[in-house]
Every structure is written in structure tokens, then in C-alpha cells.
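Here the structure comes first, spelled out in C-alpha cells, and everything after it is commentary.
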Amino acid sequence: MGRTHRLGQVGEDLVAEYLTGLGWQILDRNYRRRGAELDIVARDPKRGIVFVEVKTRSARGAATAWESITEQKMRFLRRGAAVWLSEHERSGSVCMDEVVVKVRGRLADIEHQKGVL
């Protein structure tokens with residue numbers, strides 16, 4: 001496992017813990033199917049199903065994390081959400097959030113933007 005992959009896994013673990021602390025239920029993690037890729041699928045008691053894109057960066061690379069969600073990436077995420085919903089026979093309110101984790105040594109900052117995707 002490469003350093004970048006390990007950093008990403010640490011970020012996803014931190015975000016899953018953060019969301020659980022908010023009272024959200026984690027429904028799926030690292031979902032990969034038919035060209036679909038989703039980091040975290042969760043249920044927010046207030047908003048319903050939320051597809052969460054996690055970006056983890058070291059302190060040096062943190063500035064580019066928000067800019068990494070291009071229109072092409074957004075289409076890819078929407079397609080992934082549609083596949084997940086179809087596979088799990090779910091419908092209703094759906095949101096997409098982005099969470100950026102900035103790691104500095106043993107410290108991490110989490111920035112959560114709701115409904116941005």
C-alpha cells in the first residue's frame with residue numbers, strides 16, 4: 001500500500017468517525033461497482049442519504065483539495081450515486097457533500113461542506 005493510499009485511508013477513517021459522531025449512520029464505504037466509485041455513503045437523520053467525497057491532503061497539499069472536484073468528477077459521483085441507489089433499491093432525498101481532511105503529523109483538521117456536489 002503506497003503512502004498516498006494510506007493517507008487517503010486515514011482520512012476516510014477519520015471522516016467516518018466524524019460523521020458517526022454527528023449521529024449519521026454509515027451505510028457503505030469504498031463502494032466500487034460498474035464504473036462507480038464512492039468514498040462514504042451515509043444517512044443523515046435530517047437530510048437523508050448523503051454521498052460523501054473525501055479528500056485527504058498533507059498540510060502542504062491542502063490548498064488544492066477543494067479544487068480537485070471538477071465537473072467531470074461531479075458527473076462520475078452522480079453516476080456512482082445512481083448506481084448505488086439502484087443496487088440498494090433506495091429513493092428519497094439525496095445529497096452530496098465534500099469533506100477535506102488536512103493532515104499535519106499526528107493532527108488533522110476536518111472541513112465539511114454540505115450539499116456542494
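Residues of region 40-81 being modelled with pLDDT of 90 or more, open to solvent by less than 10 Å² (accessible area, probe 1.4 Å) and either assigned to a helix (DSSP H, G or I) or out of contact with any strand residue (DSSP E or B) (no Cβ under 6 Å at 6 or more places or on another chain) (or both), which ones?
GLY80, ALA81
Among the residues of region 87-98, are any surrounded by fewer than 16 Cβ atoms within 10 Å (Cβ to Cβ), of a type in the set (Ser, Thr, Tyr), touching a strand residue (DSSP E or B) at 6+ places or on another chain (Cβ under 7 Å) and modelled with pLDDT under 90?
Taking every residue of region 87-98 in turn, at least one turns out to be surrounded by fewer than 16 Cβ atoms within 10 Å (Cβ to Cβ), of a type in the set (Ser, Thr, Tyr), touching a strand residue (DSSP E or B) at 6+ places or on another chain (Cβ under 7 Å) and modelled with pLDDT under 90.
For residues in region 102-115 being in a loop (DSSP other than H, G, I, E, B) and surrounded by fewer than 14 Cβ atoms within 10 Å (Cβ to Cβ), which is modelled with the highest pLDDT?
The qualifying residue modelled with the highest pLDDT is GLY115.
Here's a check for you: in region 24-39, which residue that is in contact with an Asp or Glu (Cβ under 8 Å, 6 or more places away or on another chain) and of a type outside the set (A, V, I, L, M, F, W, C) is surrounded by the most Cβ atoms within 10 Å (Cβ to Cβ)?
Within region 24-39, the match that is surrounded by the most Cβ atoms within 10 Å (Cβ to Cβ) is ASP39.
Of the numbered conditions (1) touching a helix residue (DSSP H, G or I) at 6+ places or on another chain (Cβ under 9 Å); (2) among the β-branched types (Val, Ile, Thr); (3) at pLDDT 95 or above, THR20 satisfies every one except a single condition; which is it?
(1)
The values are calculated or read from the model by the stated rules, or taken from the named source; none is laboratory data. The structure displayed is predicted, hence computed values, not measured ones. Ideal geometry is used to build each Cβ from the backbone, glycine not excepted, and the neighbour counts take in all protein chains shown. With ligands, DNA and RNA removed, areas are computed over all heavy atoms of the protein, side chains included. Shrake-Rupley method; radii C 1.70, N 1.55, O 1.52, S 1.80 Å.
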